[in-house]
Structure formats: structure tokens, C-alpha cells
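The values are calculated or read from the model by the stated rules, or taken from the named source; none is laboratory data. What you see is a predicted model, and the numbers here were worked out from it, not measured in a lab. Cβ placement follows ideal geometry from the backbone for every residue including glycine, while neighbour counts extend to all protein chains displayed. Calculation scope for accessible area: heavy atoms of the full protein, side chains included, ligands and nucleic acids excluded. Shrake-Rupley method; radii C 1.70, N 1.55, O 1.52, S 1.80 Å.
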Amino acid sequence: MADITKIYTSKAPDAIGPYSQAVTAGGMVFTSGQIPVDPETGEIDGKDIKTQACRVMKNLAAVLKEAGTSPEKAVKTTCFLRDMDDFADFNQVYAEFFTEKPARSCVAVKTLPKDVLCEVEVIALKD
């Protein structure tokens, strides 16, 4: 069985439940879903989808870096939106961050933790 390593960085929000920010196993990184919480204040960053998506991407970048990889090494993302009307604006931010266009699922959900507008999780190769 592959070694599993838990990843933690203070540059992303602490987990708000019994889980890790990410784990590495078998040369892969699996992040937990990141929401737009500012790790310095613990508060939601922004009220619109673009601002919240930017914070989510910053949080993901911090977790991926701590895990020894980067957004360019992402192979799959799962995106959760509270409202599919935000799809186009979310995609603008997403495209700037995930420039290598990993495989992706994007779904609308009824509610997200802390009533945020978006959440994203990533599977990436380790550098």
C-alpha cells in the first residue's frame, strides 16, 4: 500500500471538519474542497462569484504548493456552484488558474459550507 501523507499549510484555511486539507498517495495529490475563506481572517472573501472563486484558487494554490505540486499538474477537478447562473463568471477565473485544462466536473448544489458560492477540489500529480 502506498504511503499516505497528510498535507497542512497555514496559507489555506484550516479544515472545518474531521479531514485534511489534502493527502498525497502514490505520486498523487488529492485536495479536499476549498471554499473562499481567507486563512488570515477566517472570514468569507467576497460576496460575488469572481471574488470567491479567486480566493478558492489562491487556497488551492497554497495547498498544492505545500504538497509539492502546482495547478499545472492537475489532472481532475470537481467544482461545486451554488447557482449555475454563475458558470460563465466562474469559468473566467478558473481558466486563468487551470491553464492546462484538466478533466473537470462542475455541478450545481443546493448549499455549500458557510453558504459560499463555490467550492473546488483537485487531483494532481506530484512534481
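Report for segment 68-121 the percent antiparallel among DSSP-assigned beta bridges with both residues inside it, nearest 5.
Numbers: 4 of 10 bridges.
Roughly 40 percent of the DSSP beta bridges within segment 68-121 come out antiparallel.
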Exercise. For the chain, give the percent of accessible area contributed by carbon and sulfur heavy atoms, probe 1.4 Å, rounded to a whole number.
Key: 51 percent
Practice problem: Kindly identify segment 24-97 as rounded, prolate or oblate by the Cα gyration tensor criterion: order the square roots of the eigenvalues as a ≥ b ≥ c, call it rounded if a/c is under 1.5, otherwise compare a/b with b/c, prolate if a/b is larger, else oblate. | Solution: oblate
Quiz item: Roughly what would the spin-label model give for residue 14 and residue 50, points 7 Å off Cα along C-beta, in nm?
Solution: 3.3 nm
Exercise. Can you tell me the order of 33-41, 20-28 when each peptide is scored by its average per-residue count of other Cβ atoms within 10 angstrom, highest first?
Key: 33-41, 20-28
Exercise. Please compute the net charge surrounding residue 29, taking Lys and Arg as +1 and Asp and Glu as -1 over other residues with Cβ under 14 Å from its Cβ.
Key: 0
Quiz item: So how much accessible area does residue 87 have, in Å² to the nearest 10, using a 1.4 Å probe?
Solution: 80 Å²
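In square angstrom, what is the accessible area per residue of the chain with a 1.4 angstrom probe? Intermediate values should be presented prior to the final figure.
Numbers: 6920 Å² over 127 residues.
Dividing the accessible area of the chain by its residue count gives 54 Å².
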Quiz item: Out of the DSSP beta bridges found with both residues in the chain, what percent are antiparallel (nearest 5)?
Solution: 75 percent
Self-check item: residue 28 long-range amide H proximity, modeled H, under 5 Å
Solution: 126
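Under the rule of -39500 (n - 2.57) per DSSP H run of 4 or more residues, summed and divided by the residues of the chain, what mean residue ellipticity at 222 nm is obtained, to the nearest 500 deg cm²/dmol? Before the final figure, lay out each step's value.
Working: 2 runs with 29 residues, N = 127.
The helix contribution divided over the chain gives -7500 deg cm²/dmol.
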Practice problem: Amide H neighbours of residue 34 under 5 Å, at least 5 residues apart or on other chains, H built in the peptide plane: list them. | Solution: 120, 121
Exercise. Give, as ranges by residue number, the residues of segment 34-56 whose backbone N falls under 13 Å from the point 7 Å along Cα→Cβ of residue 96.
Key: 49-56
